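Comments concern the structure below.
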Amino acid sequence: MKIEQIQLVQFRNHKNLSYGPAEGINLLYGPNGSGKTSVLEGIHYCALTKGFVTAYDSECLAFGESFFLINGRFISDALKEDGVKVVYSRDNGKKLTVNGQDLTSFSQHIGSIPCITFSPAEMSVINGSPVERRRFLDNAICQADCRYLQSMLNYRRVLLQRNALLLQLKERVQSIEMLNVLTEQLSEYAADIVFARLRFLDEILPGLKAILSSVSVKEEPRITYRSSLVPSVYALTKEELINYFREQYAKKKQDEIARGLTAGGPHRDDIVFFLNQHEIKKYASQGQQRSFLIAMKMALYGYFSDKLNEKPVCLFDDLFSELDRSRVEVLFALLASFGQVFITATEKMHGPAVTTINIPEAI
Ligand SMILES: Nc1ncnc2c1ncn2[C@@H]1O[C@H](COP(=O)(O)OP(=O)(O)OP(=O)(O)O)[C@@H](O)[C@H]1O
């Protein structure tokens, strides 16, 4: 995937920026607040219809303006051209147009422009709450597998229905039969999600090991999956997983009704990262944690390339801060073999296959 051109109009601090990125590594440099991250954010909107730094569309609307517009021209590895336009206004919400066609369901577009991000705020994947780690898993798998996105949407819908029903049962205003139907559906979607997450972790591990060893991390990485309901999810078939969920929900039925809430499931699960036998969140240094997350993000590159037959776009915000010089050099060398990579930095830096662009001058 290659971005030929990106235009940002009234998007954060950019009034009207047009930029034609180079192949390989694009190093966007400039002082703090010049708008480097905003360029990455704009590209991310074209790929995933939302930001990766800002939580709400309205936060990206330039102060005092009524709408923002992002225009992107992308060429896939199969030489298919995609024109993506995102327009947002407070009054009319967000509109996504791909190749001149308005898309009513944004989920249709997910995966068309595979994209990997890194930002210092994403360190919460390592040291934050389980919700951050689930978001990491789900964002990655959704881009590579549209069936996973559908399972997630189905699971969320049934979970909401089931929680509402459990509350009604608690207040004795509903019969139990409907609960059995929803439990059956929830067990199937839950098994789909957990199964896909386990496969994903399995598939990125070799890439993660290779990248960590090239940045001189000698310890062996490991990622374990902690299910909130099933004691051990490993080595189970999908059918066995469904059965486990059925059994667990049956066991906890009375408790669920008393609390008016589903007992657990993939929406409560977590993953744990280790170097050798030591949990990273508890024992690794800041630099080691950062290297681990960067390596995981870089391992996604191989994962997406294999699954989608398409080189993902990498949006790496402030990638090199806190890393020593030798790690920076190794990362530059590794990234030189990637497709299009965008890195922000406050200083101009040089490396193989690097094109530098000064963001204040580009405005
Ligand atoms: N909605 C908005 N309207 C106008 N300006 C905004 C908006 N949101 C953020 N900004 C400003 O845009 C500027 C650029 O932010 P951005 O995060 O892109 O900078 P940066 O170059 O990545 O900075 P740093 O090197 O500090 O990470 C900041 O000064 C920020 O305050």
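Its Cα centre serving as origin, the stretch 2-362 has a Cβ charge dipole (Lys and Arg +1, Asp and Glu -1) of approximately 620 debye.
Counting only DSSP beta bridges with both residues in the chain, tell me the antiparallel percent, nearest 5. Of those bridges, close to 70 percent are antiparallel.
Helical runs assigned H by DSSP (4 residues or longer) give the chain a calculated mean residue ellipticity at 222 nm of -14000 deg cm²/dmol, each run adding -39500 (n - 2.57) before division by the residue total. Surface composition of the stretch 110-165: carbon plus sulfur atoms hold 58% of the accessible area, using a 1.4 angstrom probe and ignoring ligands, DNA and RNA. Of the residues Ser232, Ile271, Ser285, the one whose Cα sits farthest towards the positive end of the charge dipole of the stretch 231-363 is Ser232 (charges of +1 on Lys and Arg Cβ, -1 on Asp and Glu Cβ, taken about the Cα centre). For the stretch 244-261, putting each phi into the Karplus relation 6.51 cos²θ - 1.76 cosθ + 1.60 with θ = phi - 60° gives couplings of 4, 4, 3, 4, 5, 5, 5, 4, 9, 3, 5, 5, 4, 5, 4, 8, x, 8 Hz, in residue order, rounded to whole numbers and with x for Gly and Pro.
The residues neighbouring Thr117, those whose beta-carbon lies less than 12 Å from its own, together hold a net charge of -1 under the Lys/Arg +1, Asp/Glu -1 convention. Looking at the chain, the accessible area is 46 square angstrom per residue; that uses a 1.4 Å probe and ignores ligands, DNA and RNA.
Using C-alpha pairs below 8 Å separated by at least 6 residues, the relative contact order for the stretch 210-328 is 31 percent. When the charge dipole of the chain is built from unit charges on Cβ atoms (+1 for Lys and Arg, -1 for Asp and Glu) and taken about the Cα centre, the candidate among Met1, Gly93, Val217 whose Cα reaches farthest toward its positive end is Gly93. Net charge in the neighbourhood of Lys80 (other residues with Cβ under 15 Å of its Cβ; Lys, Arg +1, Asp, Glu -1) is -2. Taking a ≥ b ≥ c as the square roots of the eigenvalues of the Cα gyration tensor, the stretch 44-168 is classed as rounded, since a/c falls below 1.5. Where the centre of each part is set by its Cα atoms, how far does the stretch 63-134 sit from the stretch 295-363, in angstrom? After rounding, the separation between the Cα centres reads 19 Å.
Cross-link partners of Lys94 among lysines, defined as those whose alpha carbon lies under 28 angstrom from its own and excluding same-chain residues fewer than eight positions apart: Lys2, Lys15, Lys36, Lys50, Lys80, Lys85, Lys311. For the stretch 207-340, just say rounded, prolate or oblate: build the C-alpha gyration tensor, square-root its eigenvalues into a ≥ b ≥ c, call rounded for a/c under 1.5, and beyond that prolate if a/b exceeds b/c, oblate if not. Taking the square roots of the gyration eigenvalues as a ≥ b ≥ c, the stretch 207-340 is prolate.
The values are calculated or read from the model by the stated rules, or taken from the named source; none is laboratory data. All values derive from a computational prediction rather than experimental measurement. Because the Cβ atoms are built from the backbone with ideal geometry, glycine has one as well, and the counts that use them run over all protein chains shown. With ligands, DNA and RNA removed, areas are computed over all heavy atoms of the protein, side chains included. Shrake-Rupley method; radii C 1.70, N 1.55, O 1.52, S 1.80 Å.
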